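These notes are about the structure you will find just below.
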Amino acid sequence: MNNKMSITTKILIAMGIGLITGSLINAFASDINFIQTYFVNGLFHVVGAAFVNSLKMLVVPLVTFSLICGVCGIGDIAVLGRVGFKAFALYILTTGLAITLALVVAILIAPGEGFEQVTGAASFTPKPAPPLTDVFINIVPSNPINAFAEGNMLQIIFFVIIFAIAMLMTGEIGRQLAATAEKLNEVMMNVVTLVMDFAPIGVFFLMAKTFSIQGIGLVLPMIGYFSVVVLCLLLHGFGTFSLLLTLFAKLNPWLFIKKMRPAHIFAFSTASSNATIPVTLQVVEKRLGVDNSTAAFTVPLGATINMDGTAIMQGVATVFIANVYGIDLGVADYLTVVGMSILASIGTAGVPGVGLIMLAMVFNQVGLPVEGIGLILGVDRILDMIRTAVNITGDATVSCIVARSENNIDDTIFQNPDAGVITEVELPHKG
Ligand code: ASP
């Protein structure tokens, strides 16, 4: 074991210090102009946003090369279809479980009953949600270059899979290209490692910025709603996933959670499953032992279509707002909420705050006042961070289950506590 502090520990410490710094600024310096201008909206914002950009920069090339390697690694279209079907079905199933759990717990605890409407709740004007028919039509890119330029994950996955299948059909030339993609994938993994070296700094500034703006005071009037969402996220994150991992992947859930730590930190700090893809991919392959041929496919797909944490927030928010406004929802309404949350989860990219926009669509369907979202706006950022961590845990769980069923997981890697630990890079020097 090397005695230098691991990079994950450094990031964790940076995260803690960032959180404390931000909270202190929020408590004592929120009206000091100098600090707000030059630190919160200056330094913290610039470095934090640049770091998130550097993570996003990795996503498209990494997913492309990794997915080409994955499809070529599977090498058989029937197997590819089977893996795709299993992953898709499991993603729907876990989201269905998540939203059902959230509705049951929220109905039992009934947050929002007798809630005094806080004055000055932020007003919320929803952006129009995309029509669901478009969600399906738009999986097929009319222009793949556009899809790559925009980072449209479902379209990229669709095109790359077809391209890689065509490579398999092209014999020797295809094989040579696959070997090149493999080398490029290796290089991209090293680009990830390089960016990781800056992660402690990036995470510090992200946390400091978020908590300078999000004071804990915002949470207090909303404590009922906030706690029920967190409770459900924990129940699903630790309960449902552990059960599924034990039953279907035959893996020790505690070890799984421990190994997921780097990915959790990134999901929490960035509140974006998409930006976390490079880290999730690395953790799922190098630390959990899932073969690239499964992970390259299941992880980016999951980051896009699987959002259990988001569905949980939507379930609790529906019950909460219905209680606040004294509106009775029937069984049919709850079933609509289940269906809509699953569709919303499929149809939206994993980026910060998107769950709230889709919530407007859910509310419209069951006739709840969309302005109600203004009430929960204040605490949403913190919940977003936690639910994003749950979202990516779902992606990793399903990846492990699919990999186990395909005999594609290496138990020696999973059991080894040091496997795939993110190390600092040694930059090459001349001479
Ligand atoms: N931020 C979440 C994610 O990226 C989506 C959401 O719930 O808003 O997974």
From the residues in region 373-391 that are surrounded by fewer than 19 Cβ atoms within 10 Å (Cβ to Cβ) and away from the ligand (no atom under 11 Å from the Cβ), which one is nearest to the chain's Cα centre (by Cα)?
-> L377
Of (1) of a type outside the set (S, T, Y); (2) farther than 19 Å from Y91 by Cα; (3) surrounded by fewer than 22 Cβ atoms within 10 Å (Cβ to Cβ); (4) within 16 Å of the ligand (Cβ to nearest atom), V370 satisfies every one except (4)
So, of the residues in region 303-323 that are assigned to a helix (DSSP H, G or I) and in contact with a Phe, Trp or Tyr (Cβ under 6 Å, 6 or more places away or on another chain), which turns out to be farthest from the ligand (Cβ to nearest atom)?
-> F320
Here are G81, G70, G16: which of them is surrounded by 21 or more Cβ atoms within 10 Å (Cβ to Cβ) and of a type in the set (G, A, S)?
-> G70
Would you call P262 farther than 17 Å from T412 by Cβ, crowded, with 24+ Cβ neighbours inside 10 Å and more than 15 Å from the ligand (Cβ to nearest atom)?
-> yes
A199: over 16 Å from the mean Cα position of the chain (by Cα) and within 25 Å of N185 (Cβ to Cβ), yes or no?
-> yes
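Among the residues in region 336-347, are any hydrophobic (A, V, I, L, M, F, W, C) and within 13 Å of the ligand (Cβ to nearest atom)?
Here is the first cut: in region 336-347, the ones hydrophobic (A, V, I, L, M, F, W, C) are 337-338, 340, 342-344, 346.
The next check asks that each one be within 13 Å of the ligand (Cβ to nearest atom); those that pass are 344, 346.
Checked region 336-347: at least one residue is hydrophobic (A, V, I, L, M, F, W, C) and within 13 Å of the ligand (Cβ to nearest atom).
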Test each condition in (1) small (G, A, S); (2) buried (at least 18 other Cβ atoms within 10 Å of the Cβ); (3) not in a helix (DSSP H, G or I) for G394 and report the one that comes out false.
-> (3)
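Computed from the coordinates by the stated procedures, all read-outs in this text should not be read as laboratory data. Keep in mind that this is a model prediction, so the values were computed, not measured. For neighbour counting, all protein chains shown are included, and Cβ atoms are generated from backbone atoms with ideal geometry for every residue, glycine included.
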